[in-house]
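Contents: one structure, followed by commentary.
The values are calculated or read from the model by the stated rules, or taken from the named source; none is laboratory data. Just so it is clear, the model here is predicted, and its values are computed rather than measured. Note: ideal-geometry Cβ built from the backbone for every residue, glycine included; neighbour counts use all protein chains shown. Quick note on the areas: whole protein, heavy atoms, side chains included, nothing else; ligands and nucleic acids left out. Shrake-Rupley method; radii C 1.70, N 1.55, O 1.52, S 1.80 Å.
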Amino acid sequence: MESHALIGMRGKVITVGGLCLLFGGTSALAHTARPDTWQRPSTLTTPAWDWDPPHDEVCLKVPDVLGINGTNWTENSRGLFIALPVGTPPVDGWPVLLDLTIFDFLTKDPCGTEGKTPPALYPHEPPVPTGCIDAVEELCGPQLNSSTGTYDECEECVQRESATLHSSGCSNMSLAQVVGPPKAGWRVPLCPQPAPLATECKGGLSRQCPLQHMVAYNDCIECVDNAFLTNHSKCNRSLSDARALYCAAYTKPGFTMTLSPFASPNATGMACSCFNGSEYDCPPPVNGHHARGSGCDIDVFAGGMWWQRTKQFAVANGIAVVVVNAYLLDGWESYPEEWDGGYDPPFFTAFEAAIGNPSSTSALRVLNPRQIIVHGWSGGAQMVSWVIQLYASGLLGRLRIVGGIMSAGGTYACYYEPPLSRGQCSNCTPGGSSFGALLPCSNVTKAAGQEPLCNYCCPERFTEQWYADHPDEYATHPWTFLFQTRQDSGADSCAGAYYHDEMLRHGAHSEFLHVPMENENCYTIGVPGDPAVPAGDTFARFCSNPNVSSINHTKGFASMVEPATNFMLSAFEFHADSSTYT
């Protein structure tokens, strides 16, 4: 890893259009560059609101590999969507914003049958390992017997013993198969299965949770959690029974984005009847988790149009953008326990071999492997942190990560359960609330004498294990840019702040933004009078509608677009002195 002389600017506070911006660490240094190398534009170009950057669709061939427990990961080739700046590529290639999507774009399938885009819901789930089955039978034997145990008791036992079962080779999906309900391609569940739902119970749930609106199986579970309160008298059974039996009918394949990965923010909003004025009476669906409704793409209620705007700005200002489809829905392997033998390592190997390779026949040829910033939203934010851990550990070959952008998330160490959780999360309560809860920061819960919920807990004073073990190397930590709502419905509300504060504590460069409190209700469409909202935004006028509501799990907002763009330009400029790969 390269080292740089640092100029300290810790804890500085600046104001951009009324927005409070905190940043620290190193300042951007000017570099003298050859005329044919990449140079930061002297002024920021503002693209048209309705501009769709042209892009290439590329199939990155990823070979089948032997994975954990004898699994053969197949059809792993990834669709890449690449937008290049206008003009002749620099001799060292365009700097790259690598956008790790958690939901696939499907304008077409660039990989044909070699890479299903998207794959089926759980298309290549490995068989439940024998060691996992043995461990479940040992720990939950009485509950597995239909004469001595029930579905509720069996599910509760598996959840209670999940930490021990994980150490015995059980993945989360292995445990889902063990508990049930049965699904095509899964092993027969070990837990006793409940009797069918009563007709009136199923009817009540279907009215509140229509399966055709479910993005994924977990969305169905979360919706039933909410709907059960008004239907329990009809259901006459436990919540876990209702969840299992109703959602067993869920067969929809993994969700895909209907628009182009480079659709303009105008096109993104116009496709959504909730935003274009034709039917503005639909708040975010109750199933919440990155959800979709009334023709809207799944992230639009979280400010997706502003991330589209950020990609516009990047391309217009000399940054290539590469959007990458995930292998599984919201399934980037952002944790060490499943990395070795997983499906994502061969993708990164293939990407490292192709980017900047003169023999490549695609746009990857003109990209700079030494100038990469990685972005992720929600679970993708954890993947950004994991990529930084891989880079610091020397596991990404010639790829150099110079920055990370994390929206609604933080370190990859978030959301672990004991004994793997750390810091104030060490004794967190496993499981907990489903998506949509508005909980205080986990350290606030801990200070009040309660244990935070594991699935809403990120540790303080930790970014990545490499830097915990080598704190002197924070000087070369990739720069970071994080943003979040003040109360997050799908993450620890301080996930970004904890990560940012630890960066600053070590003098590393980090910038952090909150959605302005007064804008939280309708940041997704823009607030009238906000100077960051362009004149072309025809959606902001609906902000006064009482039905408007934004999901508190942001992917972007108007006043983060230019700061994010300037962050990328500064990071690439700072690192340009040693960016050329030879």
_Only one of 463, 445, 480 is in a loop (DSSP other than H, G, I, E, B) and polar (S, T, N, Q). Can you tell me which?_
463
*Could you pull out the residue among 117, 113, 88, 107 that is of a type in the set (Ser, Thr, Tyr) and at pLDDT 90 or above?*
88
*Mind counting the residues in the stretch 212-225 that are at pLDDT below 70 and over 30 Å from residue 133 (Cβ atoms)?*
3
*Take the residues of the stretch 147-167 that are open to solvent by 80 Å² or more (accessible area, probe 1.4 Å) and of a type in the set (S, T, N, Q): which is farthest from residue 418 (Cα to Cα)?*
147
*Flag for residue 462 being in contact with a Pro (Cβ under 8 Å, 6 or more places away or on another chain) and touching a residue at least 40 places away in the same chain (Cβ under 8 Å)*: no
*Mind checking whether some residue in the stretch 386-409 is open to solvent by less than 10 Å² (accessible area, probe 1.4 Å), in contact (Cβ under 8 Å) with a residue 24 or more places away in the chain, among the polar types (S, T, N, Q) and not in a strand (DSSP E or B)?*
no
_Name the single residue that is farthest from residue 384 (Cα to Cα) among those in the stretch 442-476 being aliphatic (A, V, I, L, M) and surrounded by 13 or more Cβ atoms within 10 Å (Cβ to Cβ)._
444
*Hey, does the stretch 548-568 have a residue that's at pLDDT below 95 and more than 18 Å from the chain's Cα centre (by Cα)?*
yes
*Considering only residues of the stretch 545-568 that are in contact with an Asp or Glu (Cβ under 7 Å, 6 or more places away or on another chain) and assigned to a loop (DSSP other than H, G, I, E, B), which is nearest to residue 380 (Cα to Cα)?*
555
*Quickly run through the stretch 494-504 and pick out the residues that are surrounded by fewer than 24 Cβ atoms within 10 Å (Cβ to Cβ) and within 19 Å of the chain's Cα centre (by Cα).*
494, 497
*Taking the stretch 297-329 as the search range and keeping residues that are more than 25 Å from residue 354 (Cβ to Cβ) and at pLDDT below 85, which one is nearest to the chain's Cα centre (by Cα)?*
299
_Number of the exception - residue 439 against (1) open to solvent by 10 Å² or more (accessible area, probe 1.4 Å); (2) modelled with pLDDT of 95 or more; (3) within 30 Å of residue 306 (Cα to Cα); (4) in a loop (DSSP other than H, G, I, E, B)_ = (2)
*Could you check, for the stretch 558-575, whether at least one of its residues is of a type in the set (A, V, I, L, M) and open to solvent by 30 Å² or more (accessible area, probe 1.4 Å)?*
no
*When you look at residue 548, is it in contact (Cβ under 8 Å) with a residue 40 or more places away in the chain, surrounded by fewer than 24 Cβ atoms within 10 Å (Cβ to Cβ) and of a type in the set (A, V, I, L, M), yes or no?*
yes
*Can you find even one residue in the stretch 355-362 that is touching an Asp or Glu at 6+ places or on another chain (Cβ under 9 Å), modelled with pLDDT of 85 or more, surrounded by 19 or more Cβ atoms within 10 Å (Cβ to Cβ) and not small (Gly, Ala, Ser)?*
no
*asked:* Checking the conditions here, which among 529, 536, 490, 507 is in a loop (DSSP other than H, G, I, E, B), open to solvent by less than 40 Å² (accessible area, probe 1.4 Å) and at positive phi?
replied: 507
_I need the full set of residues from the stretch 305-354 which are among the polar types (S, T, N, Q) and under 16 Å from residue 98 (Cβ atoms), in order please._
310, 325, 334, 349
*Taking the residues in the stretch 50-80 that are in contact with a helix residue (DSSP H, G or I) (Cβ under 8 Å, 6 or more places away or on another chain) and modelled with pLDDT under 80 as candidates, determine which candidate is surrounded by the most Cβ atoms within 10 Å (Cβ to Cβ).*
73
*For the stretch 154-190, how many residues meet the condition of being hydrophobic (A, V, I, L, M, F, W, C), modelled with pLDDT of 85 or more and closer than 17 Å to residue 429 by Cα?*
3
*Among the residues of the stretch 510-526, how many are assigned to a loop (DSSP other than H, G, I, E, B) and open to solvent by 30 Å² or more (accessible area, probe 1.4 Å)?*
1
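Conditions tested, residue by residue: (1) modelled with pLDDT of 95 or more; (2) touching a Phe, Trp or Tyr at 6+ places or on another chain (Cβ under 6 Å); (3) over 30 Å from residue 300 (Cβ atoms).
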| residue | (1), (2), (3) |
| --- | --- |
| 345 | no, no, yes |
| 353 | yes, no, yes |
| 376 | yes, no, no |
| 382 | yes, yes, no |
| 387 | yes, no, no |
